[in-house]
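Notes for the one structure printed next.
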Amino acid sequence: MTITKRAFLTTSAAAAATLALPRRGWTQTTASIGGMEVTTLSDGNLMLPAEFIFGPMPQDELAGVLAPFDMMPDQALTPPCNVTLLRHGDNVVLFDCGAGFAFQDSAGRLGDALAAAGIDPLDVTHVVVTHGHPDHIWGMLDDFDEPLFYNAEHLMGETEFTYWMDDATVNSIGEERASFAVGAKRRLEMMEGNMTLFADGAEVLPGVTARMTPGHTPGHMSFVIADGNDALMVVGDAIGNHHVAFARPAWESGSDQDLAMGAETRTALLDQIAADNMTLIGFHLPNGGIGTAERDGEGYRFVPSA
Ligand SMILES: [Zn+2]
């Protein structure tokens, strides 16, 4: 597997100086798997209160775990968002499609990242969904509420799709996430007739196999992309950050809907990824999100590939 990293600046230095605009940059990191090319594109980042992730964790130990990352338990979090792009033959595949314009100002930049990479949204042939959270699917629609990836077949795990389409979900998910349920249902309804559902273990596209990794959401899916002996896993939010998720995978995370199941899934995934020395791509991991998991004390350490 070969990995390269390129940085794009959409505003030239001269224009930025003239207009006094910040220079906003997008990075893309690329890995080759056999004859397949996988790239991560930045959708920007989220702004989250610390308790969204750290709330249920043992607070007496948390500071010590975070210290090597120059983080503190009460510090607001700004996780990056990495959309994975797979180019394989004629297929131009996105794994998730970012937050769109309606979620958080700091996210929803995928359109700019695609433009910088020379890809028109109409060129995208498939959108494969890990789960129904806003930062992963609200980008399905454009500013006019039309499907942005108009020519693409959209694919989603059946359990996940059914959960967000259920009228009861908005009332059972809890006040904090009620807007997630309303937003997901509205978008998925817009995609009706253009949504292919699949089950755990399905080969959703040539070389792409779905793997149920529940807990973060009820039907969260990861995807193994493989060609010959070369493989990597797109883990979405099943491994949600590079600090506590790796250092203490068994700790329950506030970002998971089912805390115990999320911890069990995360621990099993990291055990496998580390044992197989497999490359992973995490939606909220740093440095473009592509890397490996190395054993480190009682947990693991994320080692970015580029
Ligand atoms: Zn997410």
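Of the residues ALA250, ALA268, ALA275, only one is closer than 16 Å to VAL65 by Cβ, more than 18 Å from the chain's Cα centre (by Cα) and surrounded by fewer than 18 Cβ atoms within 10 Å (Cβ to Cβ); which?
Being closer than 16 Å to VAL65 by Cβ, more than 18 Å from the chain's Cα centre (by Cα) and surrounded by fewer than 18 Cβ atoms within 10 Å (Cβ to Cβ) holds for just one of ALA250, ALA268, ALA275, which is ALA250.
What pairs can you find where one residue is in region 119-142 and under 20 Å from GLY219 (Cα atoms) and more than 16 Å from the ligand (Cβ to nearest atom), the other is at pLDDT 95 or above and of a type outside the set (S, T, N, Q), and their Cβ atoms are less than 7 Å apart, with a gap of 6+ or different chains?
HIS126/VAL93; HIS126/ALA152; HIS126/GLU153; HIS126/LEU155; HIS126/LEU205
Scanning for something in contact (Cβ under 8 Å) with a residue 60 or more places away in the chain and either in contact with a strand residue (DSSP E or B) (Cβ under 9 Å, 6 or more places away or on another chain) or not in a helix (DSSP H, G or I) (or both), does region 183-204 turn up at least one residue?
Within region 183-204, one or more residues are in contact (Cβ under 8 Å) with a residue 60 or more places away in the chain and either in contact with a strand residue (DSSP E or B) (Cβ under 9 Å, 6 or more places away or on another chain) or not in a helix (DSSP H, G or I) (or both).
Show me the strands (runs of 3 or more DSSP E) found entirely inside region 1-92 where at least 2 residues are at pLDDT 85 or above and within 16 Å of the ligand (Cβ to nearest atom).
Because the criterion is at least 2 residues that are at pLDDT 85 or above and within 16 Å of the ligand (Cβ to nearest atom), the strands (runs of 3 or more DSSP E) in region 1-92 that meet it are 36-45, 80-88.
Select, from GLU192, GLU176, the only residue that is loosely packed, with under 15 Cβ neighbours inside 10 Å, under 17 Å from HIS216 (Cα atoms) and at pLDDT below 95.
So the residue among GLU192, GLU176 that is loosely packed, with under 15 Cβ neighbours inside 10 Å, under 17 Å from HIS216 (Cα atoms) and at pLDDT below 95 is GLU176.
Out of region 154-168, which residues are farther than 12 Å from GLU189 by Cβ and among the aromatic types (Phe, Trp, Tyr)?
TYR163
GLY288 - would you say it is under 18 Å from HIS220 (Cβ atoms), of a type outside the set (Ser, Thr, Tyr) and buried (at least 22 other Cβ atoms within 10 Å of the Cβ)?
Against the criterion (under 18 Å from HIS220 (Cβ atoms), of a type outside the set (Ser, Thr, Tyr) and buried (at least 22 other Cβ atoms within 10 Å of the Cβ)), GLY288 does not qualify.
For region 126-134, state whether one or more residues are part of a helix (DSSP H, G or I) and on the phi < 0 side of the Ramachandran plot.
Yes; the residues of region 126-134 include at least one that is part of a helix (DSSP H, G or I) and on the phi < 0 side of the Ramachandran plot.
The values are calculated or read from the model by the stated rules, or taken from the named source; none is laboratory data. From a predicted model like this one, the values you see are computed outputs, not experimental measurements. Cβ atoms come from the backbone with ideal geometry, glycine included; neighbour counts cover every protein chain shown.
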